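Okay, structure first, notes after.
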Amino acid sequence: MDNQEQCSCSEGCVDRSTLVSGVGKNIKSVLCQRCGSKVLCPGMAVFTEKELFLPSMRKKTTITQSEGSLDGDTLTTHWLVDDMYTFENVGFTKDVGRIKYLICADCEIGPIGWHCLDDKKSFYVALERVNHA
Ligand SMILES: [Zn+2]
C-alpha cells in the first residue's frame with residue numbers, strides 16, 4: 001500500500017478518450033473502487049471540470065468527524081449527474097455545512113463525490129475516486 005506518485009501516464013492516469021464519448025458522456029460503467037458496486041450506468045453522466053475539495057477516502061462514519069483537520073484532495077474532473085435517481089447505487093454522508101458527500105451505497109467508502117444543498121441538480125462523482133469498466 002506504499003504507492004509512489006507516478007509521473008508516467010502509462011497506467012493509473014485517467015485516459016479521457018476511453019472514458020468520455022463524443023458528446024461528453026461516460027462510455028463505461030462507474031464502479032466503486034473497493035467493492036465494485038455499480039454507481040452509474042454508461043451514458044448517464046456528463047464529463048465536467050470543476051475544482052472541488054474531497055476529503056481522503058475513508059469509512060462513512062469518520063468522514064464527518066474530522067472537521068477542522070480535513071486532509072484530502074482538490075479534484076478537477078467529475079461526472080455530473082442532475083438527478084439522484086440517475087444513480088444505480090449511491091449513498092450520502094450527513095450534511096457538512098452546505099455539502100453532502102457521495103459514498104458507496106454498499107461498502108460506504110467515500111467520498112466518491114460531492115453535492116451542494118444549494119444546487120439540487122448537481123451531483124459530482126470524481127473520476128479519480130471510482131473505477132470504470
Ligand atoms: Zn463499495
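The values are calculated or read from the model by the stated rules, or taken from the named source; none is laboratory data. All figures in this text were calculated on a predicted structure; none of them were measured in a lab. Cβ coordinates were reconstructed from backbone atoms using ideal geometry, including for glycine residues, and neighbour counts include every protein chain displayed.
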Region 28-47 residues that are farther than 15 Å from I109 by Cβ, paired with ones that are aromatic (F, W, Y) (beta carbon under 9 Å, 6 or more apart): L40/W79; L40/F87; M44/W79; M44/F87; A45/W79; A45/F123; V46/W79; F47/W79
Selection within region 93-121 - more than 19 Å from Q33 (Cα to Cα) and of a type in the set (D, E, K, R): K94, D95, R98, K100, D118, D119, K120, K121
Selection count where residues are assigned to a loop (DSSP other than H, G, I, E, B), in contact with a Ser or Thr (Cβ under 8 Å, 6 or more places away or on another chain) and modelled with pLDDT of 90 or more, scope region 53-87: 1
